[in-house]
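To keep things clear, I will list the structure first and then write my remarks on it.
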Amino acid sequence: MAETQQGETRRDFLYIATAAVGAVGAGSAIWPLIDQMNPAADVLALSSIEFDLSTVEPGMAVTVKWRGKPVFVRYRTPEEITSAEAVPLDELPDPQTDASRVQEAKYLILVGVCTHLGCVPLGQKASDPRGDYGGWFCPCHGSHYDTSGRIRKGPAPLNLFVPAYEFVSDTTVRIG
Amino acid sequence: MAAKFDNAIVRWIDHRLPIFSFMHHELHEYPTPKNLSYWWNFGSLAGIALVIMIVTGITLAMHYTPHVDYAFDSVERIMRDVNYGWLIRYLHTNGGSFFFIVVYIHIFRGMYYGSYKAPRELLWMLGVVILLLMMATAFMGYVLPWGQMSFWGATVITNLFSAIPVVGQSIVTWLWGGFSVDNATLNRFYSLHYLLPFVIVGVVILHMVALHRFGSNNPLGVDVKSAKDQIPFHPYYTIKDAFGLGVFLIFFSAFVFFAPNYLGHPDNYIQANPLVTPAHIVPEWYFLPFYAVLRAVPDKLGGVLLMFGSIAVLFILPWLDRSPVRSGQFRPIFKIFFWIIVLDSVLLTYLGGKPAEGGYVIAARFATAYYFMHFLIILPALSIFETPKPLPKSISEPVIGGGGGFAGATAAPKENVR
Amino acid sequence: MIARLKTLAAAAVLAAALGIGGGAGNAVAATGSAEIPSRDWSFDGVFGAFDRAALQRGFQVYQEVCASCHALSYVAYRHLDALGYNEAEIKAIAAAAEVEDGPNDEGEMFMRPGKPSDRFVSPFPNEQAARAANGGAYPPDLALIVKARANGANYAHALLVGYVDAPADVKIPDGMYYNASFPGHQIAMPQPLNADGVEYGDGTPASIAQQAEDVVTFLAWASEPEMEERKTAGVMVILFLLVFTGLLYASKRKIWADVH
């Protein structure tokens, strides 16, 4: 009797071990099929771009394409910086200080996608309407952004996103 | 019929949609002869190969671009930049070859043990349909990377149809969607290459329905007589198939990881060029026997007809071999001829890969003639002249009972056997 | 036991069929081709890996010798990290190339220094331009050359060292050169490698055979950049399958123990 039981235990252990090893194998086999849908190496290689700021003059704004989206780079005038810094935080729907949104006060770098429903706001070209606060104006549903890219009026819930970026040199910035 | 299930949810569903009863019936209860050898593993292996091909194919389609300017490029991007793209592509290319290996073994097993005989004629014919669909799918899939062999293979094979009298050239133009193999051809081949595997799945389901009607044949070829001859499919054959799958995957992996291009052709890593034909156009190895038959005939139409005839003859095999004994084990002369036709097929495969000149063509003619002779003359003649060995009474008593007689044609549907 | 032996024999026949069938495609010899000697390569075999130093030297040979005529499409500068270059080195290599980009805001195409994400810049804008510049012969793209030739690595090496004097009875037309290993022996490419034609940074003597060995190693990598990852994965997969199949066999024996 005892012998049979021992035999059964050994058999159960074998089956469990086989099933467990099989499950590990199936899991490892499925991973490549999932991972192939992640961004490929050539896509990742384009996920960060370098931009030369020396071509941007004071008061000027430039749009660069990054990860398939527009990035706004604006060389802000001293007046624009002062007006952005002067706004009391309690007036803002999404309170953020201007200092927390820039690395170097004169260069404002933003993802140019309205946080409402994903349109591209106007305000890059000199002829564009810049909204009531001198920043950007989204024509889709009327969101107004200020000279720090913060939402001031309209349906958008959040400020324009600041992408991760770093200054590689005084005039070169790497976005992403 | 309705099985009892412990789980209340399963019971609830099964009462309305008897899917669990169906699975229980077809997998668990499904009585199977207890004496199936490892040669019976290749059916389930073929099914698994089909699944591997569909899964890897769908993922490749996420990255592939069917356009003459981008196809080759997109394949190289899969190989170099897509995460595990090289693995998925090599699984797909070698998977095609292994699918054919497994299916060819499956077919020869069926031929040796007489699995095509009554009452399994339709089961066999559905299998031949699957083979034809596989060939069409593989051919169109090979065109997609848009290498030199893709392009020239497509050109040569589509030109086969120009052998049809009167309308041949119109048919070829229609197949191409232009005046040569070009972008339109690539696009339609891609579309059909995606579609046909699912048609294969459909025919495989019919193949399974036909199989489950009378159950598997077995190495003795005698019908199941009593419950003693049978065991439930699960767990006995599920574990045996799983073990077979493990062995299969070891061979498959050896090719995928260590010789991924061994079964391919170097010329297909050169982008298609409509102005330059490679020195020797050879199809993939699994088409070589048919290619040898095609080239063995000096006449264009004759070659094409004979090539299609070499598969058509398989359709009528159940009526060519009239011997009442299924298994080759009990047919001493048939057994010899079976191995000769295996060698003949191997020879045709070898000759299909050689240049069509000199002794190779002569040999291919003899091998082709023998191929048809085997099916059209030898098998019908053997049915009349061969004296089979005495058959065992049943699977459980493989002792010669002296003229056990034949039980094949009177086989009852398995539902009645219990 | 006898049944098992028979099974084995049958399996061997099928394996032979496969071997013949598979080999047949590759075994077709081009007319007029010479015997290509087999060499030992660092990347041969189950555990073979590319020799990093040879890769870098071979890349140098490609850049200084081959790149003036032969493209290396499908390979991007960022891929060079596999050769052991760091980010700054790759940036410098890429920046040395002139890449056409655009159109800019004025609608013009413009040239800019290469970036790591760019693919290798081809020496000619298209095949016609390449032919026009090379007396009608098209210098093939080298990105896949080792995979696109039968016995690719050995063949490429034999070709590169195959420039010898033509036998007295062979007349070579103008603009063609004699090569012992090229099919037909007449090749439009003049001898590309010369002794000390490049100066290796690591001090390796740059004989023709050494340069050929290095550049072929580099081109083998360019053809199969996934090779090392593939072989490593393959060893793991096969070891796993051996264990798993062993367990399945043991389970099968146990389950079938009561069937007589």
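Trypsin sites (Lys or Arg not before Pro) within region C:146-249: which are DSSP loop residues with at most 15 other Cβ atoms inside 10 Å?
For trypsin sites (Lys or Arg not before Pro) across region C:146-249 that sit outside H, G, I, E and B with at most 15 neighbouring Cβ atoms in 10 Å, the list reads C:Lys171.
Over chain A, what number does the Rg to Rh ratio reach, with both radii from the alpha-carbon atoms and Rh per Kirkwood?
My calculation puts Rg/Rh at 1.37.
I'd like the Karplus ³J(HN,Hα) series for region B:212-218: coefficients 6.51, -1.76, 1.60, θ = phi - 60°, whole numbers in Hz, and an x wherever there's a Gly or Pro.
Per residue, the Karplus-derived 3J(HN,Hα) values read 6, 5, 10, x, 5, 5, 8 Hz.
With the solvent-accessible surface defined on protein heavy atoms using a 1.4 Å probe, which residues belonging to region B:19-63 display a reduction of at least 20 Å² in accessible area in the multichain context relative to the isolated chain?
Residues meeting the cut-off: B:Lys34, B:Tyr38, B:Trp39, B:Val55, B:Thr59, B:Met62, B:His63.
List the residues whose amide H sits under 5 Å from the amide H of B:Thr32, counting only those 5 or more places along or on another chain, with H placed 1.01 Å from N in the peptide plane.
The answer is B:Ile231, B:Phe233.
Considering amide H positions built from the backbone, and no H for Pro or chain starts, which residues 5 or more places from C:Ala76, or on another chain, come under 5 Å of its amide H?
For C:Ala76, whose amide H was placed from the backbone, the distant partners under 5 Å are C:Phe120.
How big is the Rg/Rh ratio for chain C, C-alpha atoms only, Rh by Kirkwood, two decimals?
1.10
Within a 10 angstrom radius of each residue's Cβ in A:34-46, how many Cβ atoms of other chains show up on average? Whole number is fine.
Average neighbour count from other chains, rounded to a whole number: 6.
Taking only C-alpha pairs under 8 Å that are 6+ residues apart, what is the relative contact order of chain C in percent?
Here the relative contact order equals 24 percent.
Report the dimensions of chain B along its three principal axes from the alpha-carbon atoms, largest first, rounded to Å.
Projected onto the principal axes, the Cα atoms of chain B cover 69, 61, 43 Å.
Within chain C, what's the longest stretch lacking GluC sites (Glu not before Pro) that sit in DSSP loops with no more than 15 other Cβ atoms inside 10 Å?
Longest gap between qualifying sites, sites excluded: C:109-198.
Kindly provide the chymotrypsin sites (Phe, Trp or Tyr not before Pro) of region B:43-136 that DSSP labels as loop, not H, G, I, E or B, and whose Cβ sees at most 15 other Cβ atoms within 10 Å.
B:Tyr70
Over the protein assembly as shown, with the other protein chains present, what is the accessible area per residue in square angstrom, probe 1.4 angstrom?
That works out to 48 Å² for each residue.
Under 14 Å Cα-Cα from A:Lys106, which aspartates and glutamates qualify once same-chain neighbours fewer than 8 residues away are excluded?
Reachable aspartates and glutamates: A:Glu57, A:Glu79, A:Glu80, A:Glu85, A:Asp98, A:Asp170.
Peptide B:368-378: average number of partner chain Cβ atoms within 10 Å per residue?
0
Tell me, what HN-Hα J-couplings in whole Hz come from the Karplus equation 6.51 cos²θ - 1.76 cosθ + 1.60 at θ = phi - 60° for each residue of region B:123-137, using x for Gly and Pro?
Coupling constants for region B:123-137: 4, 5, 5, 4, x, 5, 4, 4, 4, 4, 5, 4, 5, 4, 5 Hz.
Would you mind checking A:Lys65/C:Lys91; B:Lys300/C:Lys147; B:Lys393/C:Lys254; C:Lys231/C:Lys254; C:Lys91/C:Lys231; B:Lys4/B:Lys393 for any pair whose Cα atoms are more than 25 angstrom apart?
Listed pairs above 25 Å: B:Lys300/C:Lys147; B:Lys393/C:Lys254; C:Lys231/C:Lys254; C:Lys91/C:Lys231; B:Lys4/B:Lys393.
Looking only at other chains, what is the average number of their beta-carbon atoms within 10 angstrom of each beta-carbon in B:253-259?
Rounded to a whole number, the mean comes out at 6.
To make sure I understand the rule: partners must be lysines, Cα under 23 Å from the Cα of B:Lys389, and not fewer than 8 residues away in the same chain. Which ones qualify?
Cross-link targets: B:Lys34, B:Lys117, B:Lys225, B:Lys335, C:Lys6.
Given a Förster distance of 56 Å, report the FRET efficiency between A:Ala29 and B:Asn187 from their Cβ-Cβ distance, rounded to the nearest 0.05.
It comes to 0.95.
So, with a 1.4 angstrom probe, what is the percent of accessible area on the protein assembly as shown that is carbon and sulfur?
Its accessible area is 64 percent carbon and sulfur atoms.
Please list, in order along region C:37-46, the HN-Hα scalar couplings obtained from phi with the Karplus expression 6.51 cos²θ - 1.76 cosθ + 1.60 (θ = phi - 60°), rounded to whole Hz, x for Gly and Pro.
Per-residue couplings from phi come out as x, 7, 10, 8, 10, 4, 9, 6, x, 5 Hz.
List the accessible area buried at the contact between B and C, summed over both sides and calculated with a 1.4 Å probe, in Å² to the nearest 100.
The summed interface area works out to 4700 Å².
So which trypsin sites (Lys or Arg not before Pro) in region B:1-84 end up in coil per DSSP with only 15 or fewer other C-beta atoms within 10 Å?
Counting only loop positions with at most 15 other Cβ atoms within 10 Å, the trypsin sites (Lys or Arg not before Pro) in region B:1-84 are B:Lys4.
Could you give the angle, 0 to 90 degrees to the nearest 10, between helix B:233-253's Cα long axis and the longest principal axis of the Cα atoms of chain B?
That works out to roughly 30 degrees.
Run a plain Debye calculation on the protein assembly as shown (Cα atoms as equal point scatterers, no solvent) and give log10 I(q)/I(0) at q = 0.06, 0.08, 0.10, 0.11 Å⁻¹, rounded to two decimals, same order as the q list.
So the normalised log intensities are -0.57, -0.91, -1.20, -1.32.
For B:Lys389 and B:Ile316, what does the FRET efficiency come to when R0 = 25 Å and r is the distance between their Cβ atoms, rounded to the nearest 0.05?
Here the calculated transfer efficiency is 0.40.
Could you identify which residue out of B:Gly352, B:Gly309, B:Gly168 has the top mean-square fluctuation in a GNM of chain B using Cα springs shorter than 10 Å?
The residue that fluctuates most here is B:Gly168.
Accessible area lost on pairing B with A, both sides, 1.4 Å probe, Å² to nearest 100?
Roughly 1000 Å².
Going by alpha carbons, how many degrees (0 to 90, nearest 10) lie between the helix axis of B:85-112 and the longest principal axis of chain B?
Relative to chain B, helix B:85-112 is tipped by roughly 50 degrees.
On C-alpha positions alone, give me the angle between the axis of helix C:2-27 and the longest principal axis of chain C, in degrees, nearest 10.
Once rounded, one gets 10 degrees.
Check A:Trp66: other-chain or 5+ apart residues with amide H under 5 Å from its amide H, H built from backbone geometry?
A:Val71
Can you give the helix-only mean residue ellipticity at 222 nm for the protein assembly as shown, where every DSSP H stretch with n ≥ 4 adds -39500 (n - 2.57) and the sum goes over all residues, rounded to the nearest 500 deg cm²/dmol?
Calculated mean residue ellipticity at 222 nm is -15500 deg cm²/dmol.
The values are calculated or read from the model by the stated rules, or taken from the named source; none is laboratory data. Bear in mind the structure is a predicted one, so any value in this text is a computation, not a measurement. In this analysis, Cβ positions are derived from the backbone assuming ideal geometry, glycine residues included, and neighbour counts consider all displayed protein chains. Side chains included, ligands, DNA and RNA excluded: accessible areas come from the protein's heavy atoms. Shrake-Rupley method; radii C 1.70, N 1.55, O 1.52, S 1.80 Å.
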